[in-house]
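One structure is given here, and the rest of the page talks about it.
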Amino acid sequence: MEKRRRRGADTIEMQAPSTNEAVRRHLLENLRSDQAKFAAVATNHDYYLALARVVRDRIMRRWTSTARTYYEKGSRTVCYLSAEFLIGPQLGNNLVNLGIYKDAESVLMEMGLSLDELLEQEPEPGLGNGGLGRLAACYMDSLATLQIPAIGYGIRYEFGIFSQAIKDGWQVEMTDKWLRHGNPWEIANSDVAHDVFLGGHTEKVIEHGRVRVKWVPDRVVTGVAYDTPVLGYGVNTANVLRLWKAEAAESFDFQAFNVGDYYRAVDAKVFSENITKVLYPNDEPAAGKELRLEQQYFFVSCSLQDMIRIYLQKEKTLDRFHEKFAVQLNDTHPALAVAELMRLLIDVHEMDWDRAWFITRKTMSYTNHTLLPEALETYSLPLMQRLLPRHMEIIYEINHRFLHEVSESHPGDAELLSRISLIGEHGDKQVRMANLACAGSHAINGVARLHSDLLKTTVLKDFYNLMPEKFSNKTNGVTPRRFMALSNPELARLITDSIGDAWVTDLDQLRKLEPLAEDPTFRHRWSQVKLARKKILAEKITDLTGLHLDSSTLFDIQTKRIHEYKRQLLNVLHILTLYNRIKRGDTKVSPRTFIFGGKAAPGYHMAKLTIKLINSVADMINHDPEVNSYLRVVFFPDFNVKNAHLIYPAADLSEQISTAGYEASGTGNMKFALNGALTIGTLDGANVEIREQVGAENFFLFGLTVEEVNQIRAKGYRPRSFYEQNRDLHTVLDLIGSGILSPANRALFHPLLGNLVEHDHFLVMADYQHYIDCQDRVSRVWTDQEQWAKMSILNVARMGMFSSDRAIKEYCEDIWHVKPVPVELDIIKPQMATV
């Protein structure tokens, strides 16, 4: 009987059933065996989990084949260290990359189910906060698609930063319980675990005839690996995203339990697991700063120990560690990797200092993501000494040798030495993480051409002057798989029908769309795709807010972190300028729908007050019958990757209006433009390169340049003069200050106004009139829908440069020196039955 059953199964396999049939059978089997449900009682969530496991099982063979290939070939591997990986929901992306999206959709339709409804069941993985984490996820996608051996290392946060709700116009932070129903994409790899020391003191001991330093910690935390496969598009490569969860080395104190102290019995477990409980605590209080430092050290220590474990599987010494691994530090959060690798090489593996330093610098490279000096992380010496005593000794030694080296080439320049020191010498002494990353890396890069140029003349000027050979630019990119093929299937289908599907992995192929911009029929089809996506977003907004939108209006969208330098306030001033025009009887205003989205840091009062202002303006305009036929304003709550799938494809106009010189790059600007939105923006971040690529005539440019920003400040910027001299600006600010937007507290928005009129650090007042004039040009172009469609097509056609595939190729060639390693699937032979 057993033999007959096995032969039957083999026969089914040899008959090669259709993909649809195989998916259907596998899904129903998972529903029964994993969910313990049958079709009549299964919920959409049950079906989502069953389908997720169908997909994961198909990835597993690729994953194990990839691991075997890398092991056998000893492949040089990229290790991408990032405190955030904003990976987004995985089901849809994996269906696209496997090439079975349509099959799954068809199977579910035959079963009376909707793939869209199942995709909606998947929570947003709370593993990131914004652009830095999303970039890391895009790069992992491209590394796999380009068949580059890679491991992403980060933290498995049990709770994300927060879920955002809007109540009475205010942001309300709620716990992000993204793991409450488990995560079908990850595998708990309990065999891969590493101990991490914290606190305590160091001692000098003699071992093997030499003096070495021994770290005696106060406490030990164990990091356990949770692995998620990252599948490439149309290839067999499935790399790993390895996230670390903190656990107590000893979870239960039996002695405490036996004497009745039940709480102390589990204290160690609770205390240890706090490290990976939540993404990025508010770092203003001392406790928050300490926890953030613990998180950063915890994940780099686990990651480096893991790399050494992998390396020693085939090697006997660590002398060629830098030839096996290329470690990328994604901003300063993993900068402690420099000191930690030195500790592991010297203290644990008994390497001499010079050899360890050579290997460390050859291994590490550093990506800077900010031009704001206050955003360059620092930690106080007392905190560092208390939490990481051995690392402080190592950092002191690195600093001593580094400053000595520089002083020999720049004798007597005490100010230079003070600026480049790893430790701030004035006031509250701080360890400067960016300086540590620069000193300990062989390569340093910015993330847009303007950003990289400014790094050399501002925050990293001294390091550039000392070691210019280290510096390069790697302009960011985004993956077209998620942000076009998955999130905008109608546009992807139109493009593929017109030029073929090679663009999905070669975004330069979009250039073939350029001639079609002159074709009226194609322009009409293009506009219909955009309208369809706007209707989908409008329906979602109605569900969330109850507000009904007219999809034929211009959708003017600004979705990004709420911050003063990103200047959501400038956008609001434009809205109120239009409001005043309409109230004065000017009905020539082109109808617009303004959509905002983004989170404010919980402790950032001005950002949270800006959210309140946006919602107060929305409430006034949306309920004014004189105005609401021309203008609508909405704040889309809880902006994240999942919601971005709806937002980017629906935008007509992309607001990229930061003060010139403050945005490192931006990637939202790229996602909007790739989905056919036209950009209104300043010459900031990657906007500069986007404008060069799409053409100045297809970009709405306004605002002061970086040079002009510096000049106006040098002359003594007086924002009040703009208020006094510009009637429209005066009227708008007086409207905000009048209390009409906040009857219960008429002075509510006075802090915002006072900041603008008296300080205006981000030059909102200086750029106001130019912005209004540019927006008037937007309205004029919008009235010519044929011209708008042509500009939209040309924007998409010329955005090939902004693929994350291009960016990763540049990293591979210039910094990491790694090459693709194709993966062949393991052959699975049928097992013969035994009696």
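Placing a pseudo-label 7 Å from each Cα along the Cα-to-Cβ vector at His759 and Ser190 gives an inter-label distance of 5.2 nm. Pairs with C-alpha atoms separated by more than 29 Å, drawn from the list Lys177/Lys362; Lys362/Lys671; Lys474/Lys671, are Lys177/Lys362; Lys362/Lys671. Surface composition of the chain: carbon plus sulfur atoms hold 51% of the accessible area, using a 1.4 angstrom probe and ignoring ligands, DNA and RNA. The phi torsions of region 399-409, fed into the Karplus equation with coefficients 6.51, -1.76 and 1.60 and a -60° offset, translate into couplings of 5, 4, 5, 5, 5, 5, 4, 5, 5, 5, 8 Hz, rounded to whole numbers, with Gly and Pro shown as x. Amide H contacts of Ser803: Val478, each under 5 Å away and 5 or more positions distant or on a separate chain (H built 1.01 Å from N in the peptide plane; Pro and chain starts excluded). Coupling constants for region 544-554 follow from the phi torsions by the Karplus curve (6.51 cos²θ - 1.76 cosθ + 1.60, θ = phi - 60°), and in residue order they are 7, 10, x, 7, 9, 10, 8, 6, 7, 6, 6 Hz; glycine and proline get x. Among the trypsin sites (Lys or Arg not before Pro) in region 678-754, those placed in a DSSP loop whose Cβ has at most 10 other Cβ atoms within 10 Å are Lys715. For the pair Ser114 and Val589 in one chain, pulling the backbone fully straight at 0.36 nm per residue adds 166.9 nm over the alpha carbon distance. Each peptide in 333-345, 811-823 gets a packing score, the mean of other Cβ atoms within 10 Å over its residues, and the list from highest to lowest is 333-345, 811-823. Amide H contacts under 5 Å for Arg219: Leu198, restricted to partners 5 or more places along the chain or on a different chain, H placed in the peptide plane at 1.01 Å from N.
From the alpha carbon centroid of region 595-655 to that of region 16-49 is 39 Å. Each residue, Ala36 and Ala287, gets one label point 7 Å from its Cα in the Cβ direction; the gap between the two is 3.9 nm.
Only aspartates and glutamates eight or more places from Lys560 in sequence, or on another chain, were considered; those with a Cα closer than 14 Å are Asp638, Glu655, Glu663.
Here region 154-176 and region 730-754 have alpha carbon centers that stand 28 Å from each other. Scalar couplings 3J(HN,Hα) for region 614-621, obtained by applying the Karplus form with A = 6.51, B = -1.76, C = 1.60 to θ = phi - 60°, are 4, 6, 5, 5, 4, 4, 5, 6 Hz; x denotes Gly and Pro.
In the full protein context, the chain carries 40 Å² of accessible surface per residue, based on a 1.4 Å probe and ignoring ligands, DNA and RNA.
Amide H contacts under 5 Å for Ala326: Thr77, Val78, Cys79, restricted to partners 5 or more places along the chain or on a different chain, H placed in the peptide plane at 1.01 Å from N.
The values are calculated or read from the model by the stated rules, or taken from the named source; none is laboratory data. Note that the coordinates shown come from a computational prediction; the quantities given were computed from them, not determined experimentally. Counting neighbours? That spans all protein chains shown, and the Cβs are built from the backbone with ideal geometry, glycine included. Side chains included, ligands, DNA and RNA excluded: accessible areas come from the protein's heavy atoms. Shrake-Rupley method; radii C 1.70, N 1.55, O 1.52, S 1.80 Å.
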